[in-house]
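Presented below is the structure to which this report refers.
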Amino acid sequence: MSATYVVPTSYAIVKDRDKFERELADTLQKALFNQETAPKEKHVRHAIIATHQERGCASFWKVLRQFPLLRQNVVCWKACLVIHRIFLDGHATVVSSSKDHVKLLADLGKHWGKVVDGYSKLIAGYCKVLIIKVHFHLKYPEVPSNLVFRDKPFTMPSDVNEIFQMAVDVFDLQSAILHLMGAIVSQLDPSKGILAAQVQCRIHPLIACITESSALYDLIYKLMKTLHTTLPSETLAGHRERFNRQYLASVRNCSVCSIMCY
């Protein structure tokens with residue numbers, strides 16, 4: 001199953017706001033059900049489409065805040081996945097419109113980072129990914145939230161200093177994603193089958209993470225190629241070290257993920 005959902009080009013305009021939010025709440029109730037099972041794709045897809053219908057995510061965040069994200073770890077874990085998916089496949093304004101909710105993500109990450117259970121560290125890591133992603137796209141609005149340049153090709157900044165800093169920011173986002181993937185994989189119990197509901201609940205975000213990590217690799221490769229034609233090799237020693245380290249981590253994670261069933 002692909003993490004990227006190709007949505008239709010047109011949507012029904014939201015006319016009845018109350019009905020729209022009730023249906024969205026019902027969808028999220030099913031997607032975030034407090035049980036260790038992976039959310040069904042049809043429920044995640046409904047949340048994605050809702051952002052296109054609304055042309056934003058105000059209703060999504062309004063409804064999401066009604067869930068016990070600070071009390072129930074499975075609910076919060078699934079919420080992080082749904083947020084990530086609407087960031088990748090939702091309306092173009094979703095990520096930028098989510099800047100007012102970064103504090104919520106930070107509070108969730110801080111809270112669960114102090115709790116000792118199987119999901120707490122994963123939630124903290126996922127919140128970090130989402131926060132860094134919001135800041136990245138606010139800083140680089142020309143980069144699509146799904147990192148796929150469909151309408152027009154990526155335009156390299158004219159200032160080499162901007163390229164250098166953009167590479168640092170891409171490395172930071174990639175690092176957070178790879179760390180999360182590694183944390184998920186490290187928690188897998190060999191004694192449990194990969195198709196066990198509890199296992200599927202934990203590994204489900206790997207699909208979105210791999211999709212984004214792959215796109216980030218393509219972007220950083222372009223940035224590094226341009227930098228190496230402009231700056232002295234020794235200036236880029238740190239960048240090359242991070243690039244090589246992240247490449248090896250990606251290979252390790254993907255080799256494990258490639259034999260899994262989702």
Of the conditions (1) surrounded by fewer than 15 Cβ atoms within 10 Å (Cβ to Cβ); (2) of a type in the set (Phe, Trp, Tyr); (3) touching a residue at least 24 places away in the same chain (Cβ under 8 Å), the single one that TYR221 does not satisfy is (3)
TRP61 versus (1) in a helix (DSSP H, G or I); (2) crowded, with 18+ Cβ neighbours inside 10 Å: which is the lone unmet condition?
-> (2)
When both residues are 6+ apart or on different chains and their Cβ atoms are under 7 Å apart, which pairs have a first residue that lies in region 236-262 and is within 21 Å of ALA197 (Cα to Cα), and a second that is open to solvent by 40 Å² or more (accessible area, probe 1.4 Å) and modelled with pLDDT under 90?
-> MET260/ILE194; CYS261/ILE194; CYS261/LEU195; TYR262/MET1
Scan GLU234, GLU212, GLU241 and give me the residue that is within 19 Å of the chain's Cα centre (by Cα) and not aromatic (Phe, Trp, Tyr).
-> GLU212
Is it the case that some residue within region 226-243 is open to solvent by 70 Å² or more (accessible area, probe 1.4 Å) and in a loop (DSSP other than H, G, I, E, B)?
-> yes
Does region 194-206 hold any residues that are of a type in the set (Val, Ile, Thr) and either in contact with a helix residue (DSSP H, G or I) (Cβ under 6 Å, 6 or more places away or on another chain) or closer than 13 Å to GLY182 by Cα (or both), and which are they?
-> ILE203
Considering every residue within region 147-170, establish whether at least one is under 24 Å from CYS76 (Cβ atoms), within 15 Å of the chain's Cα centre (by Cα) and in contact (Cβ under 8 Å) with a residue 40 or more places away in the chain.
-> no
Does LYS42 satisfy being out of contact with any strand residue (DSSP E or B) (no Cβ under 8 Å at 6 or more places or on another chain), open to solvent by 10 Å² or more (accessible area, probe 1.4 Å) and without any contact (Cβ under 8 Å) to a residue 40 or more places away in the chain?
-> yes
Of (1) part of a helix (DSSP H, G or I); (2) farther than 23 Å from GLN66 by Cα; (3) not hydroxyl-bearing (Ser, Thr, Tyr), PHE154 satisfies all except one. Which?
-> (1)
Residues VAL170, VAL185: which one is part of a helix (DSSP H, G or I), of a type outside the set (Lys, Arg) and buried (at least 20 other Cβ atoms within 10 Å of the Cβ)?
-> VAL170
Considering only residues that are in a loop (DSSP other than H, G, I, E, B) and not aromatic (Phe, Trp, Tyr), look in region 64-73 and name the one that is surrounded by the most Cβ atoms within 10 Å (Cβ to Cβ).
-> LEU69
Candidate set from region 194-206 (those that are among the hydrophobic types (A, V, I, L, M, F, W, C) and surrounded by 19 or more Cβ atoms within 10 Å (Cβ to Cβ)); member that is farthest from PHE87 (Cα to Cα) | VAL199
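The values are calculated or read from the model by the stated rules, or taken from the named source; none is laboratory data. If you're wondering where the values come from, they're calculated on a predicted model, not measured in any experiment. Note that each Cβ is placed from the backbone with ideal geometry, even for glycine, and that neighbours are counted across all protein chains shown. Keep in mind that these areas ignore ligands, DNA and RNA; they rest on the heavy atoms of the full protein, side chains included. Shrake-Rupley method; radii C 1.70, N 1.55, O 1.52, S 1.80 Å.
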